[in-house]
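The values are calculated or read from the model by the stated rules, or taken from the named source; none is laboratory data. Keep in mind it's a predicted model, so treat the numbers as computed, not measured. Cβ placement follows ideal geometry from the backbone for every residue including glycine, while neighbour counts extend to all protein chains displayed. Calculation scope for accessible area: heavy atoms of the full protein, side chains included, ligands and nucleic acids excluded. Shrake-Rupley method; radii C 1.70, N 1.55, O 1.52, S 1.80 Å.
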Amino acid sequence: MVLVAAVRDYINRMLQDISGMKVLILDSSTVSSVSVVYSQSELLKKEVFLVELVDSIAMSKESMSHLKAVYFLRPTSENIQHMRRQLAKPRFGEYHLFFSNILKDTQLHMLADSDEHEVVQQLQEFYADFVALDAYHFTLNMAANHMYMLPAVVDPSGLQQFCDRIVDGISAVFLALKRRPIIRYSRTSDIAKRIAHEASKLMYQQESGLFDFRRTEVSPLLLIIDRRDDPVTALLNQWTYQAMVHELIGIQDNKVNLKNVGKLPKDQQEVVLSSEQDAFFKANMYENFGDIGMNIKKMVDDFQQVAKSNQNIQTIEDMAKFVDNYPEYRKMQGNVSKHVTLVTEMSKIVEERKLMLVSQTEQELACNGGQGAAFEAVTNLLNNDNISDVDRLRLVMLYALRYEKESPVQLMQLFNKLASRSPKYKPGLVQFLLKQAGVDKRTGDLYGNRDLLNIARNMARGLKGVENVYTQHQPLLFQTMENITRGRLRDVDYPYVGNHFQQARPQEVVIFVVGGTTYEESRSVALQNSTNSGIRFILGGSSLLNSKRFLKDLEEAQRIARISTNML
């Protein structure tokens, strides 16, 4: 509950001491931070009768002096300007200002100067400058997520904004947790190094007083890594519930848009998938697709029993009982139809795109050696007319990442085959991926074939067999967490920033992935935390990826890199 609880606590503190009717005014970032942890009905209970975006409030001139305005905004120069204009001509009776991160002194002076009508009742910093998707998983929802793949010379100011936003997000997480970490980063990543140094400067120099919390026995660890160390996880099809919904349909701020799925009633066109609000989802979010089907059938059977008992209304007492239980009954009905709709839609996509066939080869490419068999399997799938263009592209990418050094001739054959079968994808995109995330660029042992211990582990796994061929892949993050737990994360691969070193094993670790996280990785973190190893892991990233988003970022970075090369 750690991240979700921290943000909920901030929102409770914002709303509980302000009596009477309120309007809550958010920006495009804080609306995500609030919506994932607080429902509309909960806001209503706190007498919030209106939720508005700060830019749309600016358009309206109507006076609402009977309402108290609660603003919760990021401290950006744009938001400060919005506030100055709105304080110059106040529309609300009172203004309560909350900012999601550290305000600069100059911004404070500007706001104070603008409050000529003395309507501002309070101004506070509440550090919820991140989106708490789950108890141990946060994202920053960054739109320009492709920036991490570009060299600094291409767009220096764009890259600075990208780094600033990440440093802001990471520092807010640690301020919310009331901790100051020791910082390490992935050696081969320039951007991870830059962010690590800038975060250290903020926490130990510029705002050292703010981060000077009561010392814990052992400082927590902040590890900043690069998505390009493990591009495989971001390219794979997924077969556990939460990850699969995001891969095949898409989840945004714990909501799934189903407008394009058949003829659904209006109240089911957008559904919430949150482990906080849905007990069935909480119990099944990490289960594999086969088990989900069985568990949903059981849920449908249970619901039918309840429905049947509700039909048996004989007396006034029965009727009163039914009316009392009706909200719960409606909620149960909505939940059943939501999960049935999701699983039905995903089954349809799996069948249409022949994903079981595709995924078997993907998992072989990600987990097992055998270059000859892999080449044959990928070639067969490229020739198969039922396989979609994007699935062909992903297969060639996964093959290229695994065998770039071992079989350059066969790789060229696959490039040519991809170009002829799926002409919309130029082979250049696969080559751009290798340039970004090829074997020479990566920190860590992605395929478990460099380190003797990993080779032994892979052999043991091969002998034991895997319970499910579709979920045998484990992200590189799993291995990284294991290395931290055993005190084996090598300094040479993950150097420390400054002269702050870890004396003993940390009890809290925040791993931040520049370039974005996946739900497969957040599942790994949740499972690791459930082993009670004595370390609590939290995962964060610049955005939340599925293969579609990862490829979109790759294409955008390639497009900009091409333009800048032509200009130079």
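Do any trypsin sites (Lys or Arg not before Pro) in the stretch 152-220 lie in a DSSP loop with no more than 10 other beta carbon atoms within 10 Å, and if so, which?
Working: sites: R165, K178, R179, R184, R187, K193, R194, K201, R214, R215; in loops: K178, R179, R187, R214, R215.
Taking the stretch 152-220 and a limit of 10 other Cβ atoms within 10 Å, the loop trypsin sites (Lys or Arg not before Pro) found are R214, R215.
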Relative contact order (%) - the stretch 467-553, alpha-carbon pairs under 8 angstrom, separation at least six: 32
Pick out, in residue order, every one of the trypsin sites (Lys or Arg not before Pro) in the stretch 220-295 that is DSSP loop and has at most 12 other C-beta atoms within 10 Å; say none if there are none. K259, K263
Averaged across orientations, what area in nm² does the convex hull of the alpha carbons in the chain project? 31.0
Take the eigenvalues of the Cα gyration tensor for the stretch 142-257, scale each by 5, and report the square roots as semi-axes in whole Å, largest first. 28, 20, 14
Using only Cα atoms, locate the centre of the stretch 109-171 and the centre of the stretch 334-377, then give the distance between them in Å, rounded to an integer. 37
Could you check how much of the accessible area of the chain is carbon and sulfur, as a whole percent, using a 1.4 Å probe? 51
Amide H contacts of L236 (H built 1.01 Å from N, under 5 Å, at least 5 apart or other chain): none
For the chain, what does -39500 (n - 2.57) per DSSP helix run (n ≥ 4), summed and divided by total residues, give at 222 nm, in deg cm²/dmol to the nearest 500? -16000 deg cm²/dmol
Show the residues, 5+ positions off or on another chain, whose built amide H is closer than 5 Å to the amide H of K255. L273
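Give a quick list of GluC sites (Glu not before Pro) in the stretch 191-227 that DSSP marks as loop, anything other than H, G, I, E or B, with at most 10 other Cβ atoms within 10 Å.
Working: sites: E198, E207, E217; in loops: E207, E217.
The qualifying sites are E217.
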Between the stretch 491-542 and the stretch 13-72, the alpha-carbon center distance in angstrom: 34
Restricting to Cα pairs below 8 Å that are 6+ residues apart, what does the relative contact order work out to for the chain? Please round to a whole percent. 18
With +1 on the Cβ of every Lys and Arg and -1 on the Cβ of every Asp and Glu, the dipole magnitude of the chain about its Cα centre, in debye rounded to the nearest 20, is 960
Using only protein heavy atoms and a 1.4 Å probe, report how much of Y10 is accessible, in Å² to the nearest 10. 10
Simple spin-label estimate for K441 and D190 in nanometres, 7 Å along Cα-Cβ: 1.2
Dipole of the stretch 68-135 (Lys/Arg Cβ +1, Asp/Glu Cβ -1, origin at the Cα centre): which of H117, A132, T76 lies farthest to the positive side? H117
Averaged per residue, the 1.4 Å probe accessible area of the chain, protein heavy atoms only, in Å², is roughly 47
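Give the relative contact order (percent, whole number) for the stretch 58-114; include only Cα pairs under 8 Å separated by 6+ residues. The partial results should precede the final answer.
Details: 62 pairs, mean separation 26.4, N = 57.
Contact order relative to length: 46 percent.
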